[in-house]
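A.B. asks: Here it is, the structure in full.
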Amino acid sequence: MEIYQLSGIQLKKDTIIERLEGDKTPALSEELGNKYEKLLLDFQQCITPEFRIEIKKEEKKAYILFSLGKKISEKIEEEMKQGNVMDALILDAMADTYLFQMDSQGAEITKESFAEMNLGVKQRLNPGVEIPLSEQEKILEKVKKPQEFVQLTKGYVFEPVKTLGYILQLTENKEIFKMQHDCSKCNNLQCKMRGKLFLEENPKASFAVVVNEGNGQRQDQQENMKPPFQVAIDLGTTTIAMQLLAGEKAVPVKTYTAVNSCRRFGSDVITRIQNANNGGLYKLQKLSQTDILKGIKALCEAAEITMNAIERIGIAGNTTVSQIFLGQSLQGLAAYPFQPFTCEIQKLSFSEVFESKESQAEVIIFPPVSAFVGGDIVSGLFQCGFLSRKRPAMLIDIGTNGEMVIGDSEHLLCTSVAAGPAFEGGGLRNGVGSVSGAISAFELQGNRGKVTTIHEKSPIGICGTGMVEILSELKDARILKQDGNLLEQYLNQGYEVAKTESGNPICVYQQDIRELQLAKGAIGAGIELLVKAYGKTYREIPEVFVAGGFGYRMNIRKAVNIGIFPKEFLGKIKTVGNTSLAGVESFLRDGQAEEKLKKITEISKEVVLAKTEEFQQTYMKHLNL
């Protein structure tokens, strides 16, 4: 083990003010500057920075973990609790900036240590970007004595919050060293520190880098293949995602995904409710159960275990698909006051659900909050740790329905808005889902457009994320007006963004833009009114989780540019992927999880916005780009 003393980190007042967007208003800039000077000493006294590296030559990997300690997080929470919102935001910005600089300077000094071992770095793997967030558990396991300063939540989130970790893939070519964070590859495009380093001379603080060359053995997937076995399921309106979990730590070992066969009876929940209530419930139920059973069998076959080895099956889905799966009447979802069959967690035997004795597993169905805020959102709230939050945060799940929640550990407000299918490529003339060849990103370079497609295949159409980027680029180029109208020369023929392999044009048409305006208008209005109902402003929300596959792939900066999210959310948004599935996984690991789900539903209150006059007015306002 080697310890290197690093220096040269000094926070710059102008950087912190810029990060908080105070540089845009002279009065705010002055106020932030004064508060910064008063808080600087407090900040320095609250941080206990440490940077550790564990080298595993036999794996050709190194595991990095560094943190500012828990005191600074406690200080930020204390200031927020006392109502000192600006002080809390300044301290938070100072901590993030310092952490970013630790990463940068830690890489420089580590390069020297690696060179002495004839090692280089060919790739940096960031949890939640290049590798799953669950890999943070492996980082914590590999680094020597991490429990001294860092722990992990059930949702694979580091505590203290001001902690980062990643994995380096090593090479014997010491001339290659790619440990530095690469902003060009990072999906956090709204980051205020993107492409910037803020190092100065005359150090104000220092920290140690601990480098340890270990001899641990690699644990592969097969070594984790031991009982108890459990299955986590996200039962989505469009897609079903499943994970086989193994061992006492419930480690994910096998994955299965499939299209929900109920789509043939409607792509949205409203149509499925109508079909179910018109005599089609049994047929829908059998389709749903067949999908799930097929997935469980596929997971068992892949793991070479029997169905009877499965002990528990956890399922989270929206209220409609959950009730269809269990064959429960949907009459209460069809008319006011829109009541779900139950808001309790449901625990049934495998034979009760599937009318089969192939397994003795217990089947657990996550409870909904209401008719339109389902168990998938409850699972997301559980996964994102809302029950331990002392400051309000938001969870936004964007799809055909836009579900959103704001709150903390004591009080949650929820709502749902009908966004329509545009975010998933539906209703667009050249729209497609997130399939190979779908245009998922777009950039204007002069008068020409550069497209990126899924799996780098030839373009076949435009998916939802592609539409967001196209509209943002056309807006910046003034080809698209603020009211959503294309310039006159494109009104009839559309704007061509690419050609198919056979040479057919792929265009964005005026009606396509209208569809996306309607979708983003609903999301924007929902966010504004939910934040208002909670008694906060956008600036007072320190963290925003954007869930779902669409949100995970979205360019946040461009989404803000066309008004899907308010500009005050820049730098606060975390794309967290499928929190419904991840929440079920965490539930199956946590012995106290059932009580936690119960508390989430107890402290949650639905706010019905859609039919209010205020929603209609706000919705119209958010139609503009």
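The values are calculated or read from the model by the stated rules, or taken from the named source; none is laboratory data. The structure displayed is predicted, hence computed values, not measured ones. Note: ideal-geometry Cβ built from the backbone for every residue, glycine included; neighbour counts use all protein chains shown. Remember, those area values only see protein heavy atoms, side chains included, never the ligands or the DNA or RNA. Shrake-Rupley method; radii C 1.70, N 1.55, O 1.52, S 1.80 Å.
A.B. asks: Which entries of 249/567; 536/599; 226/347 show an alpha-carbon separation above 30 angstrom in the structure shown?
C.D. replies: Exceeds cut-off: 249/567.
A.B. asks: Where does each of 585-593, 156-164 land if you order them by average Cβ count within 10 Å, highest first?
C.D. replies: Going by the mean number of other Cβ atoms within 10 Å, highest first, we get 156-164, 585-593.
A.B. asks: Given only helices, namely DSSP H runs of n ≥ 4 each adding -39500 (n - 2.57), what is the per-residue ellipticity at 222 nm of the chain, to the nearest 500 deg cm²/dmol?
C.D. replies: One gets -10500 deg cm²/dmol as the mean residue ellipticity at 222 nm.
A.B. asks: Sticking with this one: Quick one: which of 122/574; 254/558; 60/142; 122/142; 35/572; 390/605 span more than 24 angstrom between C-alpha atoms? Write down the numbers at each step before the final one.
C.D. replies: Working: 122/574 27 Å; 254/558 35 Å; 60/142 13 Å; 122/142 20 Å; 35/572 21 Å; 390/605 18 Å.
Long pairs (Cα-Cα over 24 Å): 122/574; 254/558.
A.B. asks: Stretch residue 352-residue 137 to full length: gain in nm at 0.36 nm per residue minus the Cα-Cα span? Please report the intermediate quantities before stating the final value.
C.D. replies: Numbers: separation 215, 0.36 × 215 = 77.40 nm, distance 3.57 nm.
Separation in residues times 0.36 nm, less the Cα-Cα distance, equals 73.8 nm.
A.B. asks: Also: What's the ranking of 413-419, 315-321, 384-390 by average number of surrounding C-beta atoms within 10 Å, highest first?
C.D. replies: 315-321, 413-419, 384-390
A.B. asks: Could you calculate the FRET efficiency of residue 613 with residue 82 from 1/(1 + (r/R0)^6), where r is the beta carbon distance between them and R0 is 41 Å, rounded to 0.05?
C.D. replies: My answer for the efficiency is 0.65.
A.B. asks: Give me the number: length gained by fully extending residue 115 to residue 478, i.e. 0.36 nm times residue separation minus the C-alpha to C-alpha distance, one decimal in nm. Intermediate results must be reported in sequence, preceding the final value.
C.D. replies: Values: separation 363, 0.36 × 363 = 130.68 nm, distance 5.06 nm.
Separation in residues times 0.36 nm, less the Cα-Cα distance, equals 125.6 nm.
A.B. asks: Under 12 Å Cα to Cα from residue 57, which aspartates and glutamates show up? Leave out anything in the same chain fewer than 8 places away.
C.D. replies: Partners within reach: 172, 213.
A.B. asks: Show which aspartates and glutamates lie in cross-link reach of residue 71 when reach means a straight Cα distance below 16 angstrom and same-chain residues fewer than eight apart are skipped.
C.D. replies: 42, 50, 79, 87, 92, 96, 148, 159
A.B. asks: Rounded to two decimals, what is Rg over Rh for the chain when you use alpha-carbon atoms and the Kirkwood radius?
C.D. replies: 0.96
A.B. asks: How much net charge surrounds residue 66 when only other residues with a Cβ under 10 Å from its Cβ are counted (Lys, Arg +1; Asp, Glu -1)?
C.D. replies: Its environment carries a net charge of 0.
A.B. asks: Can you give the accessible area of residue 411 in Å² (nearest 10), computed on protein heavy atoms with a 1.4 Å probe?
C.D. replies: 80 Å²
A.B. asks: Could I ask something else about it? I'd like the distance between the alpha-carbon centres of the stretch 315-365 and the stretch 395-438, rounded to an integer number of Å.
C.D. replies: Here the answer is 23 Å between Cα centres.
A.B. asks: Let me ask something else. Please state the relative contact order of the chain as a whole percent: Cα pairs under 8 Å, 6+ residues apart?
C.D. replies: Working: 1272 pairs, mean separation 78.5, N = 625.
Value for the chain: 13 percent.
A.B. asks: Related question: What figure, in Å² to the nearest 10, do you get for the accessible area of residue 620 with a 1.4 Å probe and non-protein molecules left out?
C.D. replies: 120 Å²
A.B. asks: Let me ask something else. Using the C-alpha gyration tensor of the stretch 490-564, what are the square roots of 5 times its eigenvalues, in whole angstrom, with the largest one first?
C.D. replies: Computed over the stretch 490-564, the values are 33, 15, 9 Å.
A.B. asks: Calculate what fraction, in whole %, of the accessible area of the chain sits on carbon and sulfur atoms when a 1.4 Å probe is rolled over the protein chains.
C.D. replies: For the chain, the apolar C and S fraction of the accessible surface comes to 46 percent.
A.B. asks: Among 515-525, 501-511, what's the highest-first ranking by average C-beta atoms within 10 angstrom per residue?
C.D. replies: For the peptides 515-525, 501-511, the packing ranking is 515-525, 501-511.
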